[in-house]
Every structure is written in structure tokens, then in C-alpha cells.
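Visitor: Here it is, the structure, as C-alpha cells.
What follows is calculated from the coordinates using simple rules that are stated; it is not laboratory data. This one's a predicted model, so the numbers in the text were calculated from it and none came from an experiment. Cβ sites come from the backbone with ideal geometry, for glycine too, and all protein chains shown count toward neighbours.
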Amino acid sequence: MRIAFFEDSGASGFAPVALTRPVFDLVCGRFSLRERLCRGLGVSDWGAFIRPFLAESFQEACPEAAVNDPDWLTEAPTLLINSRWLPSREAFDQLTAADESIAGFQGDTLAFLWIDPFETPLISDTDWSDPLLKIADTRLREETTGHVLSRPWNLIELNPDLLLQDFEHFTRRDLVSSQSFVTLTGEAGPGTDRRSLNPQVAVQGNPELVFIHPLADIDPFVVIDARSGPVSIDAGVRVQAFTRIEGPCHIGAGSQLFRASVKAGTTIGPVCRIGGEIEASIIHGYANKYHDGFLGHSYLCPWTNLGALTTNSDLKNDYSNVSVPLRGEAIASGSKKVGAFIGDHTRTALCSLFNTGSSIGVMTMILPGGELLPKHIPSFCRLWHGVIDDGLHLEAAIETSRRAMDRRDCELTGPQERLLRTLYRMTARERQAAIERQTLRNAGPSVSTLRD
């Protein structure tokens with residue numbers, strides 16, 4: 001199958017976690033939307049139509065994809081899929097059976113659409129939303145099922161359900177096809193790669209809901225609790241003694257857990273170092289939360305480092321719904337449980353305390369002063385003793401990120417660095433507005449009155 005993911009006008013609503021990646025590469029469940037559909041549909045050729053400033057770095061990360069290339073669409077009919085749509089299992093079957101006469105909608109949102117090569121000139125505009133809707137009007141409208149995302153906290157809300165779905169339809173399938181997993185009973189199975197789990201590892205609940213890759217290393221005195229959902233542990237994972245993992249949960253390849261308490265609804269991506277308490281959160285990958293501290297109902301982007309005892313609140317004292325200041329504008333989440341959304345390359349010092357519903361941008365430096373931090377800290381800011389300033393030295397921050405990535409045998413490439421520099425310019429107004437608001441608050445009522 002030939003598919004292309006597209007970002008519509010709603011993609012801008014996912015700052016700060018989608019400032020450095022397309023929305024379809026955000027994780028929910030075990031996978032991103034792109035990974036889930038490419039695995040589930042047997043995709044042979046794929047493309048992406050994304051915000052222009054992301055094109056170079058994404059093309060480098062996915063050289064096999066056609067990125068922002070209208071000519072590629074002229075080669076053959078292509079199934080276009082909205083990057084904000086998470087299809088249900090029934091929708092997977094619908095996509096497989098759909099033909100070029102169908103346009104799939106969930107509510108008022110266009111979810112998928114087959115496009116003919118001769119229609120390509122109609123969608124060459126930067127904003128795809130209106131042109132695609134006009135093409136969809138020429139098709140037979142068909143309702144589909146799944147979830148249409150609009151904000152980062154939707155990923156957190158849906159993560160437990162997507163973990164269940166991915167385990168049932170991907171992890172189980174991988175297990176059966178490879179015959180390569182750790183048995184929980186101690187009995188030898190027919191697969192040559194199987195081995196038994198250490199008898200001092202406690203598995204609670206149905207052992208069929210636990211998948212452990214044979215190349216994972218699980219110490220004695222680890223508890224894996226599958227009573228509320230499945231647990232999958234990928235290759236190269238190291239789980240230290242006295243760690244407790246509660247499903248639904250997925251631990252990505254090469255990650256390490258150090259005496260951690262991992263609660264239900266959590267996804268930990270590849271090559272993370274995790275300690276302390278994690279609840280209902282998504283750690284995208286290549287992130288450090290090595291020390292004690294609580295992370296709840298939050299999304300943590302790659303190359304972030306949370307210092308010792310860094311903690312966030314995910315519930316207000318009065319149990320009311322939480323609003324989140326995305327790009328500085330307070331957005332009602334409609335949820336009582338919302339944590340922090342932290343962009344790439346951000347670092348916190350010890351004992352950093354994030355308030356309920358915090359939005360922390362890309363490459364911020366958090367230097368705490370023992371109090372709750374501001375809920376909105378723009379990208380490329382420095383926070384020094386509770387005060388936001390623009391004193392972050394960009395060249396030094398980039399060099400720090402280069403060293404951090406090198407420690408994980410990764411490289412800060414030219415396209416990645418250029419993306420960071422572009423974002424630095426793009427977010428300048430947001431930084432300045434945050435500093436001005438802070439100045440007004442600190443000046444007291446008289447200044448506010450004069451301005452009004």
C-alpha cells in the first residue's frame with residue numbers, strides 16, 4: 001500500500017512536544033501513528049507533507065520517505081492520512097478495504113482520502129485543510145472510528161487504551177511469529193530463543209499479558225503487575241532489582257530502570273534511564289529521569305534531563321479541571337489529571353517543581369529556587385531562581401546538547417542543528433511576551449493599572 005501522512009492546520013496545537021517533529025511521530029501506546037500504520041497496513045511506499053521548517057531534519061531521519069514532494073503524488077494513487085487521527089482496529093480494516101471513491105471522516109475531521117495523481121495540483125497549497133476538504137466533497141463520505149487529537153494531553157488520556165490495542169494486535173503477533181520471548185512458567189517452549197524468567201521475579205496477574213524480549217535483562221526482586229493490563233519489555237532493556245512495573249505499560253529497547261515505580265498507562269521509549277515514580281506518562285525516548293522524583297500525566301521529549309528530585313504536580317488541590325498555557329495561551333484541558341509537557345533538549349536542576357498543567361519549551365534551562373516554577377516557560381529560555389530570562393546562550397546550549405547526544409552514541413547533525421536555530425528565531429516573540437508578562441506581575445498593581 002502507498003500512503004502519505006499530512007499535517008493539517010490543527011498541527012500547531014501540539015506545542016511544545018511537536019515543535020521538533022511531525023504530529024504523526026508523537027507516541028501514543030507502543031508506537032507513533034506512523035509506526036502503527038506502516039506496520040499494520042503493510043506499507044511499501046510512503047510520504048509526508050508537514051510544516052516546512054521540519055522537512056529537512058525529518059527527511060534526514062527518514063530518507064526512505066518522500067517529504068513535501070508533490071511530484072511523488074503524481075506517480076500513483078495514494079492514501080492520505082491525517083496526522084491527528086488515531087484509527088481504531090475497525091478503522092484498520094476500513095483503510096484496507098477503502099477505494100478511491102471514499103473519503104473517511106470522524107465527525108467534521110477528514111481522517112483519510114485516496115487521491116488520484118491528476119488531483120495533485122489542487123493540493124499544492126501550504127495549507128492542506130481546505131483543498132483536501134474540497135476534494136473530499138467529490139467522494140462518498142464514510143464515517144470512521146478512532147480518535148482525533150487536538151492537544152498534547154489527548155496522547156496521555158488515550159495512552160492506556162492504545163497500549164492495550166498495540167499489545168493485542170502487534171506484540172502478540174510478534175510473539176507468535178518470532179517464537180522469541182521469555183517464558184514465565186519455567187517450561188521450555190518450541191522456540192530456540194526462549195528462556196525462563198528468574199524465579200525471584202514476581203509476575204502478578206495473567207502471564208499471557210506479559211511479553212519480555214529474550215535480550216532483556218530482568219534482575220531478581222522485580223515485580224511485574226499485569227492485573228490491570230499488559231506489560232511489554234523490549235530488547236536490551238535492563239530492569240534493576242526492586243523495580244515495580246504496572247500494566248498497561250511498554251518499556252522501549254535499550255532503556256534502563258533503576259529501582260523505579262512505573263504505574264499504569266506509561267510508555268517509556270528507547271534508550272531512556274528511568275528512576276523514581278512514573279505514572280500515566282509518555283517518555284518519547286532518549287531521555288533521562290535517573291533519580292527519585294514524580295512524573296505524572298506528562299509527555300517528556302528526547303534529550304531532556306530531569307535532575308534529582310524533579311517533580312511535577314498532575315492534580316490541583318481543589319480537584320478542578322486543569323488549563324495548560326500552550327505558547328502562553330491558557331487552554332482548557334477538560335481534565336482533572338494533567339502534568340507537564342516538556343520539549344526536546346530541556347534540562348532541570350535538582351528539586352525542580354513543576355505546577356499542574358505546565359508547558360516547557362525546547363532547550364530551556366531550569367535552575368530552580370525552591371518554589372513552584374512558572375507554568376509556561378518558552379523555548380530557549382533560562383529560568384533562574386523563579387525568573388524567566390532570555391539569557392540562554394544558544395551556542396553553549398547547542399554544544400551541551402551535542403555532548404549529551406554523543407554520550408548515547410548519537411550525533412547532533414547539521415539539519416537538527418539548523419532546526420534548533422530556526423525554532424530559536426520562531427519562538428522569539430513568545431519569549432519576549434512571557435518576560436513582559438512576568439515584569440508586569442512583579443511590578444505590582446500600579447503598573448497594571450497604568451497599562452489598562
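Visitor: For the stretch 341-387, what does the convex hull of the Cα positions come to per residue, in cubic angstrom?
Guide: Value for the stretch 341-387: 55 Å³ per residue.
Visitor: So, one more: How do Tyr290, Tyr319 rank when sorted from fewest to most other Cβ atoms within 10 Å of their own Cβ?
Guide: So the residues, fewest neighbours to most, are Tyr319, Tyr290.
Visitor: Over the stretch 2-149, what relative contact order in percent results from Cα pairs under 8 Å that are six or more residues apart?
Guide: The normalised contact order for the stretch 2-149 reaches 27 percent.
Visitor: Taking every eigenvalue of the Cα gyration tensor of the chain, multiplying by 5 and rooting it, what semi-axes result, largest first, whole Å?
Guide: Calculated on Cα positions only, the semi-axes equal 34, 32, 20 Å.
Visitor: Normalising by the residue count of the chain, find the relative contact order in percent from Cα pairs under 8 Å and 6+ residues apart.
Guide: Rounded, it is 10 percent for the chain.
Visitor: Moving on. Based only on other Cβ atoms within 10 Å, what is the fewest-to-most ordering of Thr311, Thr348, Thr78?
Guide: Thr311, Thr78, Thr348
Visitor: Further question on the same structure: As a footprinting exposure proxy, order Phe105, Phe341 by other Cβ within 10 Å, with the fewest listed first.
Guide: Arranged by neighbour count, lowest to highest, Phe105, Phe341 become Phe105, Phe341.
Visitor: Farthest toward the dipole's positive end in the chain, which of Leu110, Ala397, Leu155, given Cβ charges of +1 (Lys, Arg) and -1 (Asp, Glu) about the Cα centre?
Guide: Ala397
Visitor: Quick one: of the DSSP bridges fully inside the chain, what percent are antiparallel, nearest 5?
Guide: The antiparallel proportion sits near 25 percent.
Visitor: Using a Förster distance of 41 angstrom, determine the FRET efficiency expected from the C-beta separation of Ala202 and Leu394, and round it to 0.05.
Guide: Using R0 = 41 Å, I get an efficiency of 0.25.
Visitor: Another question, if that's okay. Rounded to the nearest 20 Debye, what is the dipole magnitude of the stretch 202-309 about its Cα centre when Lys and Arg each give +1 and Asp and Glu each give -1 at the C-beta?
Guide: 160 debye
Visitor: Another one. One quarter of the convex hull surface, Cα atoms only: what value does that give for the stretch 2-149 in nm²?
Guide: One quarter of the hull surface, i.e. the mean projection, equals 8.0 nm².
Visitor: With the dipole of the chain worked out from charges on the C-beta (+1 for Lys and Arg, -1 for Asp and Glu) around the Cα centre, which of Gly276, Leu350, Ala76 lies farthest toward the positive end?
Guide: Leu350
Visitor: So for the stretch 232-369, averaging the separation of alpha carbon pairs under 8 Å that are six or more residues apart and normalising by length, what relative contact order in percent results?
Guide: Relative CO of the stretch 232-369 lands at 16 percent.
Visitor: Next question, about the same structure. Run lengths n ≥ 4 of DSSP H only: what is the helix-derived mean residue ellipticity at 222 nm for the chain, with -39500 (n - 2.57) per run over all residues, to the nearest 500?
Guide: After summing the helix terms and dividing by the residues of the chain, the value is -7000 deg cm²/dmol.
Visitor: Excluding residues on the same chain fewer than 8 positions from Lys263, give the lysines whose Cα lies under 21 Å from its Cα.
Guide: Lys289, Lys316, Lys336, Lys337
Visitor: Along the principal axes of its C-alpha atoms, what lengths does the stretch 349-452 span, in descending order and rounded to whole Å?
Guide: In descending order, the Cα extents are 53, 30, 23 Å.
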